[in-house]
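These notes concern the structure reproduced below.
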Amino acid sequence: MDKKLESEKDNYIILNVNQIKDLWSKTYNQQGKPDWSHILPYYADDVKFRDSIQSLSGIEDFTAMTERLSTRSKDLKMEVKNATKDGLLIFVEWEMTISYKKRPSSVLYGASRLTLNENGKIVFQRDYYDLWGDIFDNIPRFNKIYRKFMHRKFG
C-alpha cells in the first residue's frame with residue numbers, strides 16, 4: 001500500500017464523489033486480475049454488503065468475496081457513469097465489463113448505494129443489477145427468447 005493510502009487509512013477520509021469515481025475505476029482497469037486493496041481501507045470492519053446473489057457481514061467476508069470474483073474472472077473493468085452524494089449516502093451508477101475464463105465478456109449495468117458511518121467508512125453497500133438479463137443479452141438467439149419471456153411475464 002502506498003504512503004498516501006496508508007495515511008488515508010489511519011486518518012479517515014469522508015469519501016466524496018470524485019474519490020469514488022477514481023477509486024472504483026482504478027480497481028477494474030488494471031492489467032491482470034482485479035485488485036481491491038486500495039479500496040478496502042475505506043470499508044468499516046463491520047461492513048454489510050448485499051447484491052442480487054449474496055448478503056455478507058464483516059470486512060473478512062467482503063474481502064473474501066472480492067477475492068472470489070477476482071479468481072473467477074479473466075478481466076474485469078468498471079466505468080463509473082454517475083455518482084452523487086447526500087450526507088452520508090453515496091449513489092453510484094456503473095457499467096462493469098467482466099470476462100469469465102471460458103466465456104465472452106458481458107456488460108452488467110448497475111448502481112450501488114453506499115452508506116458511510118460517522119467516521120467516513122463504508123458501513124453498508126447495496127448493489128443493484130440485473131445479473132441474468134445482462135449476461136443473457138450477450139448470448140446470440142437466446143437473448144431474444146429471454147427478453148420476450150421477460151416482457152410476456154413481467155411487463
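Test W94 against the criterion of being within 24 Å of P34 (Cβ to Cβ) and either modelled with pLDDT of 80 or more or among the basic types (K, R) (or both), and give yes or no.
Working: within 24 Å of P34 (Cβ to Cβ): yes; either modelled with pLDDT of 80 or more or among the basic types (K, R) (or both): yes.
Spelling it out, W94 is indeed within 24 Å of P34 (Cβ to Cβ) and either modelled with pLDDT of 80 or more or among the basic types (K, R) (or both).
Residue-wise test of (1) among the hydrophobic types (A, V, I, L, M, F, W, C); (2) closer than 27 Å to D45 by Cα; (3) buried (at least 18 other Cβ atoms within 10 Å of the Cβ).
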position: L88; (1), (2), (3): yes, yes, no
position: E93; (1), (2), (3): no, yes, no
position: I98; (1), (2), (3): yes, no, yes
position: S106; (1), (2), (3): no, no, no
position: Y109; (1), (2), (3): no, no, no
position: N117; (1), (2), (3): no, yes, no
position: G120; (1), (2), (3): no, yes, no
position: R126; (1), (2), (3): no, yes, no
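Since R72 meets every condition but one in (1) touching a Lys or Arg at 6+ places or on another chain (Cβ under 9 Å); (2) surrounded by 14 or more Cβ atoms within 10 Å (Cβ to Cβ), which condition does it not meet?
So the condition that R72 fails would be (2).
Of all residues in the range 14-46 being assigned to a loop (DSSP other than H, G, I, E, B) and within 18 Å of D86 (Cβ to Cβ), which is modelled with the lowest pLDDT?
Among those that are assigned to a loop (DSSP other than H, G, I, E, B) and within 18 Å of D86 (Cβ to Cβ), it is I14.
The values are calculated or read from the model by the stated rules, or taken from the named source; none is laboratory data. Being a predicted model, the structure only gives us computed values, none of them experimental. FYI the Cβ positions are ideal-geometry reconstructions off the backbone, even for glycines, and counts take in every protein chain you see.
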